[in-house]
Each structure stands twice: as structure tokens, then as C-alpha cells.
């Protein structure tokens, strides 16, 4: 290893140059300026630091290292105070830092190659202090401090065939000199880095950081940091991996007496291309520098620096991953009455690119800079906006993953009487097409709003996200878009209010010719700002989504939509903020997909808490509404629709009042020619306070299918001092002969109920229907109904199930089902001999909760049969048997109607009476005329806790009896009348 140091004869240039493995070049420091030699005399300027060059250019060496460090600039000399009537001496300027240039090259004839280059610019010297003026005279003029030296690093390594290459290039600009009174800080030195590697398996990085500006002085001008630029180029085989990063230097950030300069700029670019099936992983990032602080009324902090980044990767058939990140610089703070500087905007447009026949991943990230804070009567700085747009049409990759992310900067705060700024807006868009499996993702988030010391907090920034994707060749496609509103700014003065949360909007669409397609969109509004010292918490923003997803494919098609309202802001000694509501709805009809499913989710925000006071109110939880209606007309395509609505929890308050939970409503409907499933679930928000009321909940679920339909509805009132009410309805319909339907409803709350309704169509216009209805008892209601025209028997009702009320029906049971249901009821079987069984059903109750003795609960169940008779027929109803759980039976009211007209009614007030009636007994319901019949068998139930009762029955028709048979039937009717009289009916 050889080390070379600078010598004075080289004209202030320190050079180390040799064909060696390690070369170091270091510049000498500049000399300090002398102080003035007499009263009123000026100080002398410091001399510049010596430049440094280090060149490690031994091409035959396997590893070369070059390090160059510029010398520090000399400090300026002080001016001398003047005599009476004489001005003080001028301060001497600081010397500039020395530049540094490092170059390392390695290209051996055989084996691996490594090249490392490090360059560090010298720091600028501080200016001297001006001399004070004599009596009646002025102070001497200030001087600028020295700028930092520039730095440039270049590394290049070329390995022999089949060997690895590695290296880095790192450059850091020198810091500027510290300011003195009436002067200016030194600017940071610029930095640039370049890396080039060629080999089998090449890895490295290129990094450039601009120097920071010098330290501030309250009576000096603040200046910017140094610009930065980094590039990287990788070539070869195997795996290529590396990054380039550029960071603009920080501007001077303490007190000053002028506007600060804009932040430094940064640029970064990476390019990696591998031959064959090698792998590439490459990234580039750039961050603009912090704007310099400004001082004094009418002045402002500097605007955040600009940035630009880009990257490209390519492989023949291997995996390629490319990432680009771009950050706008932060705005400088305003000091002593100055306005905050604006944050830097940032925008990416197709900055990430690549090509391969393998898996290709492209990622873009854009972040706006935050605004600086304002003081006195000045405003905060505006937040930087962020935009990222990625559009790619790929015709080769086996898998394409395209992602974009954008986030706005934070708004500048107002530390005095000025206005705080809103958070920055963010927009992200991705549009991708390909021939392979496709994944598309877009995310946008608004920045946070600034706080205000004396006024209202500012609003959070808005987020907007869009994503679309399309693929051919039967490949799967996943598309998702997410948007988030920014957090609102705080207020800390009584009578003021935290800001409103930012809004969010997301949309997504997809397309595949025959592959599975999943499309999702998520929106979440921002929370309200905090309220301190008696200020009110800010309100969360409402959030509404309507048909935010769409898509088409001949394969499986699925959707997801989620909308969440923003939380209310908390408050100390003030009222909590109101939460935003969430509303998500999706209506879509499809005729192409092999299956169709969708899920919508709506969520209310949480109400704002109110602390440290017994008089202020907590915020109410946000409401939630979810609605989905999916339909498919394709034969054999199943449909599934789910709607979930979760209302927000109310805020907490020490006195326990308000803070009510939000209300929730959920609607789901699925329509298809194959199986259709629907689920509606609604949950009222819990009360966040001791005396708050829980939110109400309502759920309605409907499923319609040619074959099988299942509908489930669940509603739960929110908890609180009073639980919210709840109602649930589930309706399922099978629309063609041979289908089946199931409906289940569950409600939990203070008041309300649950209704389950299932019906099935049969041949020739026939239809059967079962309904189970339950009011809320002891906080809960449940019902289940089933229907079928598949030819089988109706499902049994289990008294041990714990389902409070259930009803099942079957239309036109086949011979096997008929034999099965009649096997245990010989009297019924005899009466039905030679006739036709048109229906079978069961009804019952099962209440298993452990409650106080003597509590009686009321339910209702129904079986309905619509069928046609060719002419007059005798109508028979046979009760096949009953099952009992414990002895809690109180009363059963049986009512039978045809076309709404009662044809039989009977009440049973004892278990023994019911058992006698519902076990192996036939009712002759008389002769009905030809045509459509509409028979309804309804049971009203009164039972105690820990008990159950159920019966099943068969409905038949027979030829009208001959006259001699009429006599026997008349005798049977007389016996029934006697039974009624004995029952006191």
C-alpha cells in the first residue's frame, strides 16, 4: 500500500496517484486569517483548504481503494474595534473547504475485481467577528463564512469472466462554515458519486450526500446545503444487486435575520442489466435538502429541495426487482416572526422500469416534504404534495408486480398567531397490462396538518389512489388501491378546535380473459386533530364509497371494498370530536365469471375522548352502512355477497355522559343461477362512557338462486348503559324446481327481533316457504328456516339446538321421503294411502338460556305450501310426532289458513294436550276446489327457559270420498269437535 500526502509545491492540490491497492489523498487545511493590526482595521480572510485527489488506477489489481479528503478552510480574522468616531474593522471571510476527488479502477486479467472510492469535501472556515464601532460610529461589516468543498467519487470494477465484481462510490460534500454576526453561513459542498461494476454476481452502491450549511447566527443569513447526485451501473451475469442514493445537504436551521435559501437538490439513477437468467435487484433514492431557516417578520424559511430518481433493471429470464424512492425536502422553519418555508413537492412518472421473461417487480415511492413552522404572526409553510404514476404495458414477464405509493408532507405549524397549514395531498396511480400473472397495488396517504398555538388546527391532507390491471393468457390478476386521509392538526387554545381529518378516495379495476381476478379498494378518512387546554377535538371525516371496484373475467371474480370514517380528535378539558361515518356500497351484475363474490365493509370512526374534565362531552361514534348487491346470469356460477358494518365506539368522558356508539346498517343480496350465499352483519358501536347508549344495528340478507340459496343476517346492538336495539332479517329463495334454501337470523340488543324466511319454487308453479320469527328475549333473538323442493324430506327441528325458533318445509317429497316420514305414524300413513303427499314440514322452539323461573317467551313459526289441484280434493294434514325438552311448555296456538282464510284454529295450554294432538293424528281440512292452493300452517309459541318443543307434519290431498265415506269422515269431524269442547275452545 502506498500513501501520498499533499506538498505545497503542487499548487494547493494534494495528489496521490499510483497503481497500488490503496491510495489516500488529503488536502492541507487553509490558514486562518489574521486579525486587524490597528483600531478599525479589517480582519484578513482565511485561505481555502487544499484540494485532494486520490487515484487508485491499478487495473491489474484485484482490489483498489481511493480515499480523498479536502482540507478545511481557514477561519477569517476578526476586525478591530474602532476608536471614537471610527467604524469597527470588517470581519475576515472564512476560507472555502478543499474539494476532493477519488477514483478507483480495478480490471484484473483473472479473478474477482473490487473498487472502492471515498471522497469527502473539506469544511468551510468560519468568518471572523467584525469590530465594534467607536463612540458614534458603526460596527464593522460582517463577512460570509466559507462554503464546504465539493466531493466526487468514481469507482469502476471489471471482473474476469465468471468472477464477481464489487465496490462502492461514496461522496460527502463538506459542511459550510459557521456564521458570525452580520455575515452568512457557508453553503454545503456538492457531492457526486459514480459506480460501474461488471462481473458474475456484482454488488455495490453509489452514495452522495451534500454537505450541510454552517451553523446559524441570529443576525446572519442562512444558506443552503450542497446538492447531491449519485449514479450506478451494473452489468454481467448471475446476480446483480445494488443501489444509488443521493441526499441533499441540510440548510442552516437556527435563528437568522433574513429569508433562508431553498433546500439543496438531489438526483439518483441506477441501471442494472444481466444477461441470461440472472437476477437483478436495484434501487434508486433521492431526498431534497432541508430549506434554510428564515428569521424576522416578512421573511420565510427556505423551500424544501427538489429531488429526482429513476431506476431500470433487465434480465433475459431471471427475476428483476426495481425500486425508486423520491423525497421532497423539508421547508425551513421561520424564526422571530418569519413564515415557515414550503415543503418540496415531488412527482414520479414511470421512474421505475424493467424487462424480463421471468418475474418483474416495479415499485415507486413519492413523499412530499413537510412545511416549516411559522412564528409570530406568520403562517406555517405549505406541505409538499406527492404524486406517483406508473404505467406499464409488458408483453414478456411471467409475473408482473407494479406498485406505487405516494404520501403528502405535513403542514407547517403556527407557533404564534398565524395560520397552520393543511397536510399535503397525495395521488397515486398505477395502470399495468401483461401476459403473465399480474399484481397491481396503489397507495396514497395525505400528510398531517400543522398545529396552531392560538387558532384552529389545520386539516389533514387528502389521499387519492387509482389502480387498474389487465392480463391475458388465463393468468390471475390482483388489483388493489388504498387511500388514507391525513391526521388533522391540533389546537391548544380554549374556544378553538382541532382540524378536520383528511379525505380519502380509492378506485380499482381489473380484467383477465379467463384467470382468477381479485379487485379491492380501501378508503380510510383521517382523524380529527387533538384539542388541548380546553380546545375541542377536531371531527373525523366521513367516508363514502360507491362502486369503487369493477372487473371482468371468465374465471373466478372477487371484490373487496372497505370504507372507514375518521376518528374524532381527543381533547384535554374540552369536548371530544365527532367521528366520521363509513359508507360502502357495491352493486354489480355479471354474465361472464365462473364464480362471483364480493365483500363490503363499512366502519365508523371512534368518537373523541374528553379528559381531565367533568363537564365536556365525549364524541359520538361514527355510523356505518354497508350494502352489496351482486348478481350473475351465467349458468353454474355461484354468487357470494358479504356486507359488514361496524359502527364506531363513542368517546370516553369522566362524567360518563354522551359518547354514544354509532348506528350500523348492513344490506346484502346475492342472486345467481347456481348457489347463492349472502351474509349481512351489523354491529352498533359501544358507548365509550358509563352512561352512554350503545348504537343500534340492523341487518338484512337476501339470497336468490336457481338451485341453492343461503342467507344469514346478524345484528348486534352496541354495549353501553343501555344496549342498542337490533333487528335482523334473512331471506333465501330457490327459484327453480329441485332447489333448496336456508335462512338464519340473529339479533342481540335491548329491543328488536330476528326473522328467518326461506322459500323454494317447485314444478308447475308450486312453492313452499318457512318463516321463523323471534323477538329479542333477554338480549337475544334467533331464528332459522329451511325449504326445499328437491324431493327429500324437510329437515328436522332439534329441541336441543338452542335455536329459539325454527321452521322447515319440503315440497312434493318423493316416494322414499314419503315412506321415511310416515314410517312412525301409522294412522297418518293409512289416511294418506292412495293419496298424494304435497308437503312435509317441521316447526319448533328451543330456549336453552338459564333464566329465572316463570319467565315466558313468545315466538312464531310458519310453513306455507302453494300447490295446484286438478279438481276438487280432500285436504289432509297429518301430525307425525312431537319432541319435548323439559316441561317448560306453556301454550301453543295453531292456526291454518288457505288463501288467508282460517280453516282451522286450536290452542293448547298443557303439554299433555299438545302431545295427544301432535302425535300420529290426522286433520281433515275439508274439500278444496281445483286450482292453486295457498295453505299456511302457523304456530305461536309460549315457553319457559330451558325448554323446547317441536312437531313435524305432512300435508296431503286425496280424492273426494264417496258418500258412504263421507259418513265416516263426518264422524271424525264430530270427534274433533268433541276434542275442542273438552279443551274449552
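Laboratory data are not the source of any read-out in this text; all were calculated from the coordinates shown. Worth saying up front: this structure is predicted, and the values here are computed from it rather than measured. Cβ atoms come from the backbone with ideal geometry, glycine included; neighbour counts cover every protein chain shown.
What to note about this one:
- Rounded Å value of the spacing that divides the Cα centres of region 236-298 and region 910-944: 83
- Placing a pseudo-label 7 Å from each Cα along the Cα-to-Cβ vector at residue 84 and residue 690 gives an inter-label distance of 8.0 nm.
- Kirkwood-based shape ratio for region 382-538, expressed as Rg/Rh from alpha carbons: 1.20
- Point-to-point label distance, residue 181-residue 958, nm (Cα→Cβ direction, 7 Å offset): 12.1
- At full extension, residue 635 and residue 135 could sit 169.8 nm farther apart than now, given 0.36 nm per residue minus the alpha carbon distance.
- The orientation-averaged shadow of the Cα convex hull for region 508-563, equal to a quarter of the hull surface, comes to 4.1 nm².
- Residue 763-residue 833 FRET efficiency (beta carbon distance; Förster radius 22 Å; 0.05 resolution): 0.40
- Contact order, relative form, for the chain: 4 percent (alpha carbon pairs under 8 Å, 6 or more residues apart, mean separation divided by residue count).
- Ranked packing of 599-606, 814-821, most packed first, by mean Cβ within 10 Å: 599-606, 814-821
- By average C-beta atoms within 10 angstrom, highest first, the peptides 227-234, 188-195: 188-195, 227-234
- Region 528-656: radius of gyration and largest Cα-Cα distance (Dmax), Å: 19.6, 64
- Spatial separation of Cα centroids for region 438-467 and region 769-819, in angstrom: 52
- FRET efficiency for residue 798 and residue 907, using Cβ-Cβ distance with R0 set to 22 Å, rounded to 0.05: 0.30
- Projected-area average for region 375-431 over all orientations - Cα convex hull basis, square nanometres: 4.1
- Distance between modelled label sites at residue 614 and residue 932, nm, 7 Å Cα→Cβ extension: 6.8
- Extension gain from residue 592 to residue 417, taking 0.36 nm per residue of separation minus the Cα-Cα distance: 56.9 nm
- Footprinting exposure proxy ranking of 285, 428, fewest other C-beta atoms within 10 angstrom first, gives 285, 428.
- Sorting 299-305, 320-326, 26-32, 676-682 by average packing, meaning the other beta carbons within 10 Å per residue, from highest down gives 299-305, 676-682, 320-326, 26-32.
- Efficiency of FRET between residue 946 and residue 819 - r from beta-carbon atoms, R0 35 angstrom, step 0.05: 0.45
- Bridge orientation summary for the chain: considering DSSP beta bridges with both residues in this region, about 25 percent are antiparallel.
- On Cα atoms only, tilt of 963-982 relative to the major axis of the chain in degrees: 70
- When the alpha-carbon atoms of region 60-186 are used, the pair Rg, Dmax equals 23.0, 80 angstrom.
- Net length gained if the chain between residue 915 and residue 393 were fully extended (0.36 nm per residue, minus Cα distance): 180.5 nm
- Every Cα-Cα pair of region 791-982 was included, and the share exceeding 22 Å stands at 47 percent.
- Counting only DSSP H runs of at least 4 residues, each contributing -39500 (n - 2.57), and dividing by the residue count of the chain, the helix-based mean residue ellipticity at 222 nm comes to -1500 deg cm²/dmol.
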